[in-house]
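Have a look at the structure below before the remarks.
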Protein chains: 2
Amino acid sequence: MDELVLHEDPRSGNCYKIRLTAALLGLPLERVEYDIMNGDTRRPEFLRDVNANGRIPVLQIGTGDRRRFLPESNAACWYLAEGSRLVPDSRFDRADMLRWMFFEQYNHEPNVATLRFWLQFVGESRLSEYQRSQIMPKRAGGEAALALMDEHLATRDWFVGSDPTLADIALYAYTHVCEAGGFRLRDYAAVCGWLDRVAALPGYVEM
Amino acid sequence: MDELVLHEDPRSGNCYKIRLTAALLGLPLERVEYDIMNGDTRRPEFLRDVNANGRIPVLQIGTGDRRRFLPESNAACWYLAEGSRLVPDSRFDRADMLRWMFFEQYNHEPNVATLRFWLQFVGESRLSEYQRSQIMPKRAGGEAALALMDEHLATRDWFVGSDPTLADIALYAYTHVCEAGGFRLRDYAAVCGWLDRVAALPGYVEM
């Protein structure tokens, strides 16, 4: 595989997904840090060279003139893991893994990750009135996502099939730090057991 | 491939993605209709048998005791198209296709599709105060997504590589009906040209 460079903010769970995937697969990853609170990813050179969408993470593949950039955390995880043990062999299970990764970006991250960002990094007193009006709906949405995960995990060890996949990595990133956004992990016993299983995987790295 | 059944609301662009993918690939698809305005997808039997997340589309694969259910529109499109001409051969391009599909679910659908749903199907006068407070932010988010697409398409015919892929199908679904949500397609010339190219694909079906 070509040289890999992760453009990231180390506080971001979306960036952590990519580091965790690389670590579990033993892939070396250089890191370039940005401070999203300072607007580092909205500067003209970042928008021009790295991601016109102004967001991290971006996985850079190769260096120099032939480098290519891949935004979207779950797409970057897919790039790293395709063909590895973290992507299931069966066609249905591969699609089912993507199903949980789309669920993560649609139902989980906009609620669970956003509340963590607002409450831990921005600070409740500095939220706009519009952001404040979203706290309760995002709380409800995040709790619904966690409850669905808990129900699913009540009868199985991993989200898809009988082994860990990218679905587990994608959902682990913001779930294991969700208390910073005001969620209570102890309400979700099956989720807690699953978090422990992820953290026990060989090669696991902390956020 | 096993028998395929789409659980859908025909007004939903997320459901249309799956029908369009199947049509372009010549795959037969049975259809079971639900009315999301009536709460059809929140009933106990739907939550138990089809999707605990209470949402359509769900792609059912097989029938009887061996049937399996796949929620999340883009995961269902992946299941249908994996190995076909709608999924690129190169590892980078496959991941880049998923990148645009995750972008669609994170930056595009929650803005462009939600405003269409609210304004065309719910009706502005029946929106809650909280929903009304979200119209302007969702307008801005949707315009940013359309502008990013327009910039990307200014120099290429398709989102990834030189042929149509699932990225085009995923982004086409709600873009081609975005005016129902108050967006102006004529502001995005490159997007308009691309919409015409999608509609001219052999096997294309209308929403």
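For the reader, a short list of remarks on this structure follows.
- From the C-alpha gyration tensor of the stretch B:14-54, square roots of 5λ in Å: 24, 11, 8
- Per-residue shielding of B:141-152, expressed as the average number of other chain Cβ atoms within 10 Å of the residue Cβ, stands at 1.
- Evaluating kT/(6 pi eta Rh) at 4 °C and 1.567 mPa s, with the Kirkwood radius of the protein assembly as shown over Cα pairs in the Stokes-Einstein relation, gives 59 µm² s⁻¹.
- Only Lys, Arg (+1) and Asp, Glu (-1) charged, at Cβ; the stretch B:91-199 dipole about Cα centre in debye: 260
- Kirkwood hydrodynamic radius over Cα pairs of chain A, then Stokes diffusion coefficient at 4 °C and 1.567 mPa s, in µm²/s: 73
- Dipole magnitude for chain B: about 340 debye, using +1 per Lys or Arg Cβ and -1 per Asp or Glu Cβ, origin at the Cα centre.
- Loop-located GluC sites (Glu not before Pro) in the stretch B:149-207, at most 13 other Cβ atoms within 10 Å (DSSP): B:Glu206
- Extreme residue, positive dipole direction of chain B, given options B:Gly141, B:Val198, B:Trp78 (C-beta unit charges): B:Gly141
- Of interest is the spacing of the C-alpha centroids, which for the stretch B:111-139 and the stretch A:9-53 amounts to 33 Å.
Values in this text are rule-based calculations from the coordinates and carry no lab data. Remember, it's a predicted structure, so these values are computed and weren't measured experimentally. Cβ: placed from backbone, ideal geometry, glycine included. Neighbour counts: every protein chain shown.
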